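Below is one structure, written out as structure tokens; comments come after it.
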Amino acid sequence: MWGGRFAAGPSAIMREINASIPFDKALWRQDIAGSRAHVAMLAAQGIVTPDDAATIDEGLARIAEEYERDGVPEDWDLEDIHMTVESRLSELVGPVAGRLHTARSRNDQVATDFRLWVREASLRAEAGLEALQRALVTRAGEHADSIMPGFTHLQTAQPVTLGHHLMASYEMTKRDRSRFSDARARMDECPLGSAALAGTGFPIDREATARALGFAEPTRNSLDAVSDRDFAMDYLQAASQCAIHLSRLAEELILWASQPFGFVRLPDTLSTGSSIMPQKKNPDAAELVRGHAGRIIGCATSLMITMKGLPLAYSKDMQDDKPPVFEAAGLLDLCLAATAGMIADSEFRTDRMRQAAEMGFATATDLADWLVREADIPFREAHHITGAAVKLAESRNVALDALPLQDLQAIDARIDDRVFAALSVDASVAARASYGGTAPDEVRKRVAEARAALGMEK
């Protein structure tokens, strides 16, 4: 490729540092699709003859069949997927293959290929998130009435329902899907035809190639088009936020599956055993989801640091844009599938959850609220009274609703026997009937809304 400019070929070191074919071969489908759209446009514009275009297109179709069957060969002297395809095309159709690169550069070629790949990765992420959402909504509907402790600071705070807890993760996944959708909307412009950086003097039809490749429109500035990797960073940032949400959910499943909690039995298919301790059932899938979040965030950081100091237009540093995206996408796809599987197939131990809710003074706030509502006591005073009641119950190792009325009245005479109707965990969750609250009827409403949004049958 460089024979007209250089007297000597690249050194072994240059050959190795320069080659990207080991990883950018993943773009072969996108590269061939872009080339077929490009040559069709060249023919339509009279830049190449119809016969030459047909010959090139047939050759590209044959290469696609070969790669699908046998994989992409790695010849480091050819550097990248673009030259690998072009070299094979030359072998198949002869010198006419050289007409394919008219009015384009590897700069706009790789920008187009990479956008196409990232667009597909975004669609996969959205599909994986939808599968997880369906699992969350299904299980939330099953457990709209199942009481568990809600936590702050990992300390028992107030009773909630398991359905409410699962729907919290559903809300996170809604935001995750919207981020991938927004990223796809921004990347829906085609760089092909921008050439090296300044456009081309050939009378090309960029709208035609954009339409052929499924883009809404061509990019408006050739210099920006070949320099831009925002679409890849958008994907990685969306993937990072999604991975954080998956990691938080995985951490809860890990805690809940431990013997001190005992809230859930994770599926055998997504757990492992110990090489030495026969009793162990390790939540390895959840732990790897948690761990992979760090790698995905690292991929996002890697690309941002690569891009932060680059002047316009293309620089060879940008060859390093693809490995972090490919790695993150593979990890995210796995994490989404594993999390959906864990949610769908886990056995939730609602008896243990209820027991934990009843033992943690989770209805203390309900006592304070009752004092405000029924005895007209200012909340701060009611908070103090309730603290004294909790201290007494803790000293006797009983729940609040197990304290005798006379003991409660010894703390504050304004308490009467109506208070006990407010102190059970069932009464507590039922009382939280504000919009978005944990009351079972509210949870069922949110589940119904989510099912409708996901197109799930009633």
**Asked** Would region 390-401 turn up any residue that is part of a loop (DSSP other than H, G, I, E, B) and farther than 25 Å from residue 163 by Cβ?
**Response** yes
**Request:** Kindly provide the set of residues from region 12-21 that are open to solvent by 40 Å² or more (accessible area, probe 1.4 Å) and in contact with a Phe, Trp or Tyr (Cβ under 8 Å, 6 or more places away or on another chain), ordered by number.
**Result:** 15, 16
**Message:** Return the residues of region 361-405 that are in contact with a strand residue (DSSP E or B) (Cβ under 6 Å, 6 or more places away or on another chain) and open to solvent by 20 Å² or more (accessible area, probe 1.4 Å); say none if nothing qualifies.
**Reply:** 365
**Asked** Any chance region 49-59 includes a residue that's open to solvent by 10 Å² or more (accessible area, probe 1.4 Å) and touching a Phe, Trp or Tyr at 6+ places or on another chain (Cβ under 8 Å)?
**Response** no
**Failed item in (1) open to solvent by less than 10 Å² (accessible area, probe 1.4 Å); (2) more than 25 Å from residue 325 (Cβ to Cβ), with residue 27 passing the rest** = (2)
**Message:** The conditions are (1) open to solvent by less than 40 Å² (accessible area, probe 1.4 Å); (2) of a type outside the set (A, V, I, L, M); (3) over 21 Å from residue 98 (Cα atoms), and residue 67 fails exactly one of them. Which is it?
**Reply:** (3)
**Request:** Quickly run through region 163-180 and pick out the residues that are among the hydroxyl-bearing types (Ser, Thr, Tyr) and surrounded by 15 or more Cβ atoms within 10 Å (Cβ to Cβ).
**Result:** 169, 170, 173
**Complete:** Checked against (1) without any contact (Cβ under 8 Å) to a residue 40 or more places away in the chain; (2) buried (at least 17 other Cβ atoms within 10 Å of the Cβ); (3) not assigned by the TED database to the domain that holds residue 411, residue 349 satisfies every condition except (1)
**Request:** Give me the pairs, please: first residue somewhere in region 306-321 and farther than 13 Å from residue 228 by Cβ, second residue anywhere and β-branched (Val, Ile, Thr), beta-carbon distance under 9 Å, and either six or more positions apart or on two chains.
**Result:** 317/306; 319/110; 320/306
**Message:** Just checking: which of the helices (runs of 4 or more DSSP H) contained wholly in region 190-273 hold 1 or more residues that are within 16 Å of residue 347 (Cα to Cα), at pLDDT 95 or above and among the small types (Gly, Ala, Ser)?
**Reply:** 230-257
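The values are calculated or read from the model by the stated rules, or taken from the named source; none is laboratory data. The structure displayed is predicted, hence computed values, not measured ones. Please note: Cβ atoms are built from the backbone with ideal geometry, for glycine as well, and neighbour counts cover all protein chains shown. Ligands, DNA and RNA are excluded from the accessible area calculation, which covers all protein heavy atoms including side chains. Shrake-Rupley method; radii C 1.70, N 1.55, O 1.52, S 1.80 Å.
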